[in-house]
Amino acid sequence: MVLCSLCGREPAVAKLRYAGVVLCRECFLRYFEERVRRTLDSLGLTHELSGKLVAVATSGGKDSLNTLFLLNKLKEEYDYDILAILIDEGISGYREFKRKALEAFCDKFKISFKVVSMRDSLGYDIDTVAKLSYEGKIDLKPCSVCGVFRRYLVNLEALKAGVDYIATGHNLDDEVQTFIMNFIRGDLASMVREGPFLHEDFPGFIPRFKPLYYVPEKESLIYFMLNGLETPYVECPYAPLSMRYYIRNLINRIEYASPGTKLRILSLKEHLRTIKGKVPSPSLRKCEICGMPTTRRVCRTCEIRMLLSRV
Ligand SMILES: [Zn+2]
Ligand SMILES: [Zn+2]
């Protein structure tokens, strides 16, 4: 039996290859939660969240459920209320299962939640978009449309509910993938802009933070399982069509061959964020159609809806 590298007493359940240690259940849970708490503190949220309403944008997957679980656990200590928001994109064979998982989770932990239908709110669901894309009728990938529409609806729903902050379940792996994707696109402004906390002083923009920003995906899965949390392991059927899917597999292979790669990329990302002020980035304005914050004359959501209406 391999014993925990920290306490030396209990059997190890988690191996952190990049740090060369193994941890027992109790030491792992403590290490994990301490890191999330340190993240919130480093973002200046320790007192800031007091008396506020925090929406957790959740997909019903392990990372967003972990975020909901942790923020629910910390809400007395930090003195805030939480609300879960789920966007139903209309992806059959996937969404209905994850939605049930979220509903069961919120019932169990007595968390209020809202489900917003993409079709009812914006007129289109992702199954329809994917079909149009597959038939060559539109030059848009389902995942790009889904990302734009989901972010838009979370912000809109949070505004309606009087939310002060939005928390998302992005983990370290997601952040590294996004960074590499921005690198491939040559998008320096996004490379230096995206971090654990996004705040723009503009009406209608709700500040967003990412409690799992420094947590590798594998550790998020271990935390989820050790806490006995459940979600069906179905993946979005369109995920393999996305650039992210390819990048994710590639980085995982490199990480396996060279442990610590993801941490090194994240550290480079953090370093680059210090030059944010020196990189020109477009300022926010109101969308001429819907009035939501955007960097364009017409926001991407309104633009995509116009494209779809012409098919
Ligand atoms: Zn231990
Ligand atoms: Zn708009």
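The values are calculated or read from the model by the stated rules, or taken from the named source; none is laboratory data. Worth saying up front: this structure is predicted, and the values here are computed from it rather than measured. For neighbour counting, all protein chains shown are included, and Cβ atoms are generated from backbone atoms with ideal geometry for every residue, glycine included.
Structural remarks
Residues checked against (1) within 16 Å of ligand 1 (Cβ to nearest atom); (2) part of a helix (DSSP H, G or I):
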{"position": "PHE28", "(1), (2)": "yes, yes"}
{"position": "TYR31", "(1), (2)": "yes, yes"}
{"position": "ASP41", "(1), (2)": "no, yes"}
{"position": "HIS47", "(1), (2)": "no, yes"}
{"position": "SER50", "(1), (2)": "no, no"}
{"position": "VAL54", "(1), (2)": "no, no"}
{"position": "GLY60", "(1), (2)": "no, no"}
{"position": "LYS73", "(1), (2)": "no, yes"}
{"position": "GLU76", "(1), (2)": "no, yes"}
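- Selected residue (criterion: surrounded by the most Cβ atoms within 10 Å (Cβ to Cβ)) from residues of the range 290-307 that are in contact (Cβ under 8 Å) with a residue 24 or more places away in the chain and part of a loop (DSSP other than H, G, I, E, B): CYS299
- Counting only helices (runs of 4 or more DSSP H) that sit wholly inside the range 166-244, those with at least 1 residues that are within 18 Å of SER42 (Cβ to Cβ) and touching a Pro at 6+ places or on another chain (Cβ under 9 Å) are 172-185.
- Restricting the range 263-289 to residues that are outside any helix (DSSP H, G or I) and exposed (fewer than 12 other Cβ atoms within 10 Å of the Cβ), the residue that is farthest from ligand 2 (Cβ to nearest atom): THR274
- Flag if SER5 is in a loop (DSSP other than H, G, I, E, B) and either within 16 Å of ligand 2 (Cβ to nearest atom) or in the same structural domain as ILE82 (by TED's automatic domain parsing) (or both): no
- Subset of the range 14-66 [aromatic (Phe, Trp, Tyr) and over 20 Å from the mean Cα position of the chain (by Cα)]: TYR18, PHE28, TYR31
- Filter result for the condition that a residue is surrounded by fewer than 19 Cβ atoms within 10 Å (Cβ to Cβ), farther than 16 Å from VAL163 by Cβ and out of contact with any Ser or Thr (no Cβ under 7 Å at 6 or more places or on another chain), over PHE105, PHE97: PHE97
- Close pairs from the range 197-211: first of a type in the set (Gly, Ala, Ser), partner assigned to a loop (DSSP other than H, G, I, E, B) and surrounded by 15 or more Cβ atoms within 10 Å (Cβ to Cβ), Cβ under 8 Å, at least 6 apart: GLY204/MET292
- Against the test of being modelled with pLDDT under 95 and of a type in the set (Ser, Thr, Tyr), the options TYR165, TYR134, TYR213 yield a single qualifying residue, TYR134.
- The listed residue being hydroxyl-bearing (Ser, Thr, Tyr), in contact (Cβ under 8 Å) with a residue 24 or more places away in the chain and over 21 Å from SER242 (Cβ atoms), out of SER92, SER121: SER121
- Any hit, the range 212-219, residues being surrounded by fewer than 18 Cβ atoms within 10 Å (Cβ to Cβ) and touching a helix residue (DSSP H, G or I) at 6+ places or on another chain (Cβ under 6 Å): no
- THR46 vs. criteria β-branched (Val, Ile, Thr), modelled with pLDDT of 95 or more and within 23 Å of GLU270 (Cβ to Cβ): no
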